[in-house]
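Engineer: Structure below; questions to follow.
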């Protein structure tokens, strides 16, 4: 089973790849993990991971700059139904639009806009940075066996924008930061994580291991 | 609920940890990667490496240290010391750092902060502010480990770098650093109340109550300490339990 992590010049893929390698070893998966910027490899892969740091527009432009990548993702994820995991801005790109600095179109796989977080308590800092617990909106296979809720495990967040969903159906989990922040979404074969599984120690490694065996 | 963070900081010189560490049975207490793994296991929320490598030739060693750490620790890693160009930042991020801490280069050129934030995102740009009190309620930026005064007002500088895109500030009181007398709470408060980004309090921790004060009185969202953890005075678990007992939300997943 092959997993590709898409390299489009956005940030730190080394640690993402290492976390997938580790989760694979720990869970006894036979997956091969490859970091690639080649759409041909994405077409051959069975699972797709789209990471992303920096601004929405920069990530969108970066992904568009890799010839054929945007169209390949559309094809493999929405038409061929391959399991897909977006991380941070990689998750945000699943939305209809990003409203960070300028309005930018996303994949529009999940109806919603990416907006600045706006904690009710003005003393709360932005970015939302650090370890937070997850409140479950509905069960999902990627969280199988992971203790959630206020007494559960923590996930590592660092972001100033989040996905404001047009409807709640895709919502899997939120984090409380002066109000509910969208933390995890899923629809069919697609999942998106606002937090960084590759930086979230035991919760993150368990989630990645679940992704490697996910049968949506 | 978001938790307060504890960040152990390691001074790394030519690939080895200086100011030795003796808190656990490490095979090699000078190896930053071994120590990083031990802190990861002990429940640290993030790690910070400060590269104080003396010669330009040995500078490349830190990339290898970061790379090996990122292979073993699945937690956020900040690297500071000698970060002068966007190329330095790119190399550190590619090696596996999540954030870089910029100090002297930000003082020399504010525009560097803007460039770094635009290119890599605010989330990975930490500006380290080393400040000394010059009169009551007034602090100045010092560089080169507190030796060189710049004449720049610390609060105005904090405001400025945040406006340019710094995503976090690491504020060290040069008056308190190494004294064990606690954070300079007035300094922390002057900065945390002025900016909207998270602030890490640093410099002066000697007791667990100092950590509590940094969060409760200093309004920092994270506390950085070196010697109290390195020398085994306290464990991360003891620090977290103490802070939680004093009403600060702490992450205790692995304790």
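The values are calculated or read from the model by the stated rules, or taken from the named source; none is laboratory data. It should be emphasised that the depicted structure is a prediction, and the values quoted were computed from it without experimental measurement. Neighbour counts are summed over all protein chains in view; Cβ atoms, including those assigned to glycine, are modelled from backbone coordinates with ideal geometry.
Engineer: Can you tell which of B:89, B:102 is crowded, with 22+ Cβ neighbours inside 10 Å, more than 9 Å from chain A (Cβ to nearest Cβ) and modelled with pLDDT of 95 or more? Steps first, answer last, please.
Structural biologist: Working: B:89 fails: modelled with pLDDT of 95 or more.
Just one listed residue meets the conditions, B:102.
Residue-by-condition table, conditions (1) surrounded by fewer than 23 Cβ atoms within 10 Å (Cβ to Cβ); (2) free of Cβ contacts under 8 Å to residues at least 60 places away in the same chain:
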residue	(1), (2)
A:104	yes, yes
A:110	no, no
A:114	no, yes
A:137	yes, yes
A:140	yes, yes
A:145	yes, no
A:157	no, yes
A:169	yes, yes
A:174	yes, yes
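Engineer: Given the residues B:182, B:165, B:146, B:247, which is the only one that is assigned to a loop (DSSP other than H, G, I, E, B), within 23 Å of residue A:126 (Cα to Cα) and more than 14 Å from chain A (Cβ to nearest Cβ)? Before you say what the answer is, go through the steps one by one.
Structural biologist: Values: B:182 fails: within 23 Å of residue A:126 (Cα to Cα); B:165 fails: more than 14 Å from chain A (Cβ to nearest Cβ); B:146 fails: within 23 Å of residue A:126 (Cα to Cα).
Step by step, each of B:182, B:165, B:146, B:247 is checked, and only B:247 is assigned to a loop (DSSP other than H, G, I, E, B), within 23 Å of residue A:126 (Cα to Cα) and more than 14 Å from chain A (Cβ to nearest Cβ).
A quick yes/no check of all residues on (1) touching a residue at least 24 places away in the same chain (Cβ under 8 Å); (2) out of contact with any helix residue (DSSP H, G or I) (no Cβ under 7 Å at 6 or more places or on another chain); (3) closer than 17 Å to residue B:48 by Cβ:
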position	(1), (2), (3)
B:91	yes, no, no
B:95	yes, no, yes
B:103	yes, yes, yes
B:107	yes, yes, no
B:110	yes, no, no
B:116	yes, no, no
B:124	yes, no, yes
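Engineer: Touching a helix residue (DSSP H, G or I) at 6+ places or on another chain (Cβ under 7 Å), buried (at least 24 other Cβ atoms within 10 Å of the Cβ) and either at positive phi or assigned to a loop (DSSP other than H, G, I, E, B) (or both): which single residue out of B:195, B:223, B:171, B:205 fits that description? Reasoning before the result, please.
Structural biologist: On the way: B:195 fails: buried (at least 24 other Cβ atoms within 10 Å of the Cβ); B:223 fails: either at positive phi or assigned to a loop (DSSP other than H, G, I, E, B) (or both); B:171 fails: either at positive phi or assigned to a loop (DSSP other than H, G, I, E, B) (or both).
From the options B:195, B:223, B:171, B:205, the qualifying one is B:205.
Engineer: Among the residues of the range B:53-71, write down those that are away from every other protein chain (no Cβ under 14 Å) and closer than 11 Å to residue B:14 by Cβ.
Structural biologist: Within the range B:53-71, the first condition is being away from every other protein chain (no Cβ under 14 Å), and the residues that meet it are B:53-62.
Scanning the range B:53-71 gives B:53, B:54, B:55, B:57, B:58, B:59, B:60, B:61, B:62.
Engineer: Please verify whether the range A:49-57 includes one or more residues that are modelled with pLDDT of 95 or more, surrounded by 21 or more Cβ atoms within 10 Å (Cβ to Cβ), in a helix (DSSP H, G or I) and more than 14 Å from every other protein chain (Cβ to nearest Cβ). Can you show your working first?
Structural biologist: As a first pass, look at the range A:49-57 and keep what is modelled with pLDDT of 95 or more: A:49-50.
Cutting the leftovers down to surrounded by 21 or more Cβ atoms within 10 Å (Cβ to Cβ) gives us A:49-50.
Still in the list and also in a helix (DSSP H, G or I): none.
So far as the range A:49-57 goes, no, none of its residues is modelled with pLDDT of 95 or more, surrounded by 21 or more Cβ atoms within 10 Å (Cβ to Cβ), in a helix (DSSP H, G or I) and more than 14 Å from every other protein chain (Cβ to nearest Cβ).
Engineer: Going residue by residue through the range B:106-125, is there one that turns out to be away from every other protein chain (no Cβ under 13 Å), within 15 Å of the chain's Cα centre (by Cα), surrounded by 17 or more Cβ atoms within 10 Å (Cβ to Cβ) and not in a helix (DSSP H, G or I)?
Structural biologist: The answer is no; no qualifying residue exists.
Engineer: Still on this structure, please answer the following. Which members of the range A:104-156 meet the condition of being out of contact with any helix residue (DSSP H, G or I) (no Cβ under 6 Å at 6 or more places or on another chain), within 8 Å of chain B (Cβ to nearest Cβ) and not in a loop (DSSP other than H, G, I, E, B)?
Structural biologist: Correct list: A:128, A:129, A:130, A:131, A:132, A:133, A:154.
Engineer: Does the range B:87-105 hold any residues that are over 16 Å from residue A:53 (Cα atoms) and not in a strand (DSSP E or B), and which are they? If you could, list the steps in order and put the result at the bottom.
Structural biologist: Narrowing the range B:87-105 to residues over 16 Å from residue A:53 (Cα atoms): B:87-88, B:101-105.
Once the filter is applied, which keeps residues that are over 16 Å from residue A:53 (Cα atoms) and not in a strand (DSSP E or B), the range B:87-105 yields B:87, B:88, B:103, B:104, B:105.
Engineer: Kindly indicate whether residue A:87 is touching a strand residue (DSSP E or B) at 6+ places or on another chain (Cβ under 6 Å), modelled with pLDDT of 95 or more, within 14 Å of another protein chain (Cβ to nearest Cβ) and over 29 Å from residue A:169 (Cβ atoms).
Structural biologist: Values: touching a strand residue (DSSP E or B) at 6+ places or on another chain (Cβ under 6 Å): yes; modelled with pLDDT of 95 or more: yes; within 14 Å of another protein chain (Cβ to nearest Cβ): yes; over 29 Å from residue A:169 (Cβ atoms): no.
Judged against the criteria, residue A:87 is not a match.
Engineer: Next question, about the same structure. Residue B:45 passes all but one of (1) without any contact (Cβ under 8 Å) to a residue 40 or more places away in the chain; (2) surrounded by 24 or more Cβ atoms within 10 Å (Cβ to Cβ); (3) outside any helix (DSSP H, G or I); which number fails?
Structural biologist: Here residue B:45 clears every test but (1).
Engineer: Here is a list of conditions, (1) touching a helix residue (DSSP H, G or I) at 6+ places or on another chain (Cβ under 7 Å); (2) more than 14 Å from chain A (Cβ to nearest Cβ); (3) not in a helix (DSSP H, G or I), and residue B:50 meets all of them except one; can you say which number that is?
Structural biologist: Condition not satisfied by residue B:50: (1).
Engineer: Same structure again: If residue A:33 passes every condition in (1) part of a helix (DSSP H, G or I); (2) within 14 Å of chain B (Cβ to nearest Cβ); (3) touching a helix residue (DSSP H, G or I) at 6+ places or on another chain (Cβ under 6 Å); (4) farther than 27 Å from residue A:130 by Cβ but one, which one does it miss?
Structural biologist: Among (1) part of a helix (DSSP H, G or I); (2) within 14 Å of chain B (Cβ to nearest Cβ); (3) touching a helix residue (DSSP H, G or I) at 6+ places or on another chain (Cβ under 6 Å); (4) farther than 27 Å from residue A:130 by Cβ, residue A:33 violates only (1).
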